[in-house]
Amino acid sequence: MLDINLIRENPEKVKKALLKRMGSVDFTELLSWDTKRRELIVETENMKAERNRVSKLIPSIKKEGKDAGVYLSAMKKLSDTITERDKTVSELDGRIHDFMAALPNIPADDVLAGDKENNKVVRIWGDKPEFSFKPKDHVQLVTDLHLIDYERGAKLGGNGFWAYRGNGALLEWALLNYFIETHISDGYEFILPPHLLTWNCGYTAGQFPKFEEDVYRIENGEGQFILPTAETALVNFHRDEILKEDELPKKYFAFTPCYRKEAGSYRSDERGMIRGHQFNKVEMFQYTVPEDSEKALDELIGKAEKLVQGLGLHYRVSKLAAADCSASMGKTFDIEIWIPSMNIYKEVSSASNGYDYQARRGNIRFRRISTGKTEYVHTLNASGLATSRLLPAIVEQLQQEDGSIKVPSVLKKWLNMDTIKA
RNA sequence: GGAGAGAUGGUCGAGUUGGUUUAAGGCACCGGUCUUGAAAACCGGCGUAGGUGCAAGCCUACCCUGGGUUCGAAUCCCAGUCUCUCCGCCA
């Protein structure tokens, strides 16, 4: 949610910024609703003040034994008018709210306009592995090595699901442990949240109402949906709270599977486990004071990169153009990992600064010590990491001529073998 | 799933036969006086939001949520949510 004051005071500036990510922006109607609303509020509040004043007089009039009938009927009439005007105000409130709730975040000044094609590679780490033999693709590798069972996964969950088995499950579990251990030692608090969330959680995160179709909803539940990312849970952890300035930043991470409908997605060219309806992810999250959020974003990207580096995998970092960022986010960097067989870099982490956008939706504030006033916090999230693209990258980048996979040394604590063999 | 109890500002808590409570009071917290410093004591401040005003301020709303009754609702009525206790069922 944007601050409507920004639009009142400088509609052109906001419009210009939003046009970096949207086709068209028009505040004319919004501003007329807003003006009308404020006029009506002044009117009705004056009436309410009058009603309060007179109502307070009535007991003493009665006490004196006089007849208050004149006042009663006048106030009855006034109350009816107030009720009617209040209805109009709340209708306007609703319209304004719906309009505001549908607006995405304002892209940061240094974020380029346009969609994917304007994403900028800002860093490259390592080199594309060269093979002295004919490398296999990950679908073949994980199948040959019995790491992933696609057929039985689809038998159980339908198209877009797979099952980890044997060493594949161990490898997955080792990766998650590696992430978790790293985050704990960096001072992040481990959260295991509910996987079923209420509608409000989706709203605060900025996924609802616009992207309700992207999540699975529980048909016979109490209106919950299954989380598409742990971000949705973590951003709601402090919803409707006023935090203390000196307890910020709050640093959390969570492990959950992520469930996504991926309706209308480009699955056809993405074999294997590049895009599924369920994947595992460890998610980092920070609540910060506004002036520290850029620094926090750097920290999050750095942490995600360090995890990939630890695995010894070639990747690059891209700064996303405005329209490629999620609606709630003002700035996003993706860490993209090299998938040799596809000749392409695929996202394994997305690190974003939401600024105060989610905080406004979720009413998440802190009290500034120097002023005693409340302000909205900034919220940031970053995957650390998602495994569904990582595992293909690992098996493809670290495959050897005999078809086995070299196990990264950071994982040996949990996966006690040098290579994964058939 | 059943029964009971409850929900008031950061926290505890008064108010619940509707109208001198404009939500008392304690604690915590902040500022000040005193002190070499601290504590204690004393003085003052101290919920959130919307509107209006250059400002001081003023007005309005909010006592779990949403409706309703009334000139007037923390207080009465209806529906719901959550928490606690107990019982049942279940991994």
**Item:** Test item: Cα-centred dipole of chain A, Lys/Arg +1 and Asp/Glu -1 on Cβ, debye
**Value:** 800
**Request:** Could you go through the range A:301-318 in sequence order and give the Karplus-derived ³J(HN,Hα) for each residue, using 6.51 cos²θ - 1.76 cosθ + 1.60 with θ = phi - 60°, rounded to whole Hz, and x for Gly and Pro?
**Result:** 4, x, 5, 5, 4, 4, 5, 5, 4, x, 7, x, 9, 6, 8, 9, 10, 10
**Prompt:** Just from its helices, what would the mean residue ellipticity at 222 nm be for chain A, if runs of 4 or more DSSP H residues each count -39500 (n - 2.57) and the sum is divided by every residue, rounded to the nearest 500 deg cm²/dmol?
**Reply:** -12500 deg cm²/dmol
**Item:** Members of A:Lys136/A:Lys421; A:Lys56/A:Lys77; A:Lys261/A:Lys306; A:Lys155/A:Lys210; A:Lys36/A:Lys210; A:Lys244/A:Lys306 lying beyond 25 Å, as alpha-carbon distances in this model show
**Value:** A:Lys261/A:Lys306; A:Lys155/A:Lys210; A:Lys36/A:Lys210; A:Lys244/A:Lys306
**Prompt:** Name the GluC sites (Glu not before Pro) in the range A:119-205 that are in a loop by DSSP and that have at most 13 other C-beta atoms within 10 Å, would you?
**Reply:** A:Glu130
**Prompt:** How large are Rg and Dmax for chain A when only the alpha carbon atoms are used, in Å?
**Reply:** 27.1, 106
**Amide H contacts under 5 Å for A:Gly330, placed H, 5+ residues apart** = A:Asn353, A:Gly354, A:Tyr355
**Item:** Area accessible to solvent at A:Asp80, 1.4 Å probe radius, in Å²
**Value:** 80
**Fill in**
Under 5 Å from the placed amide H of A:Ile191, counting only residues 5+ away or on other chains, we find A:Phe253, A:Ala254, A:Phe255
**Prompt:** Mean shadow of the range A:45-126, computed from the convex hull of its alpha carbons, in nm²?
**Reply:** 10.8
**Item:** Residue-by-residue Karplus 3J(HN,Hα) for the range A:347-357, coefficients 6.51, -1.76, 1.60, Hz, glycine and proline x
**Value:** 4, 10, 8, 10, 10, 9, 10, x, 6, 9, 4
**Request:** Among DSSP beta bridges whose residues both lie in chain A, state the antiparallel percentage, nearest 5.
**Result:** 90
**Request:** Pop out the ³J(HN,Hα) list for the range A:7-15 in order, Karplus 6.51 cos²θ - 1.76 cosθ + 1.60 with θ = phi - 60°, rounded to Hz; leave Gly and Pro as x.
**Result:** 6, 4, 7, 8, x, 5, 5, 5, 4
**Message:** Would any residue of the range A:224-248 have its amide N under 15 Å from a label point 7 Å out along Cα→Cβ of A:Ile218? List them or say none.
**Reply:** A:224-228, A:233
**Fill in**
SASA check, A:Asp214, accessible area w/ 1.4 Å probe, all protein chains in place, rounded to nearest 10 Å², comes out at 70
**Asked** Going by accessible area, probe 1.4 Å, with all protein chains left in place, what is the ranking of A:Tyr71, A:Tyr150, largest first?
**Response** A:Tyr71, A:Tyr150
**Request:** With the Cα gyration tensor of the range A:10-57 in hand, convert its eigenvalues to equivalent ellipsoid semi-axes via √(5λ) and list them largest first in whole Å.
**Result:** 40, 8, 7
**Request:** Take A:Ser350, A:Ser370, A:Ser293 and sort them by solvent-accessible surface of the protein heavy atoms, 1.4 Å probe, largest at the top.
**Result:** A:Ser370, A:Ser350, A:Ser293
**For the range A:4-102, fraction of C-alpha pairs farther apart than 17 Å, in %** = 63
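The values are calculated or read from the model by the stated rules, or taken from the named source; none is laboratory data. A quick note: this is a predicted structure, and the numbers were derived from the prediction, not measured. Neighbour counts are summed over all protein chains in view; Cβ atoms, including those assigned to glycine, are modelled from backbone coordinates with ideal geometry. The protein model used for the area step is the full one, side chains on, heavy atoms only, and it has no ligands, DNA or RNA in it. Shrake-Rupley method; radii C 1.70, N 1.55, O 1.52, S 1.80 Å.
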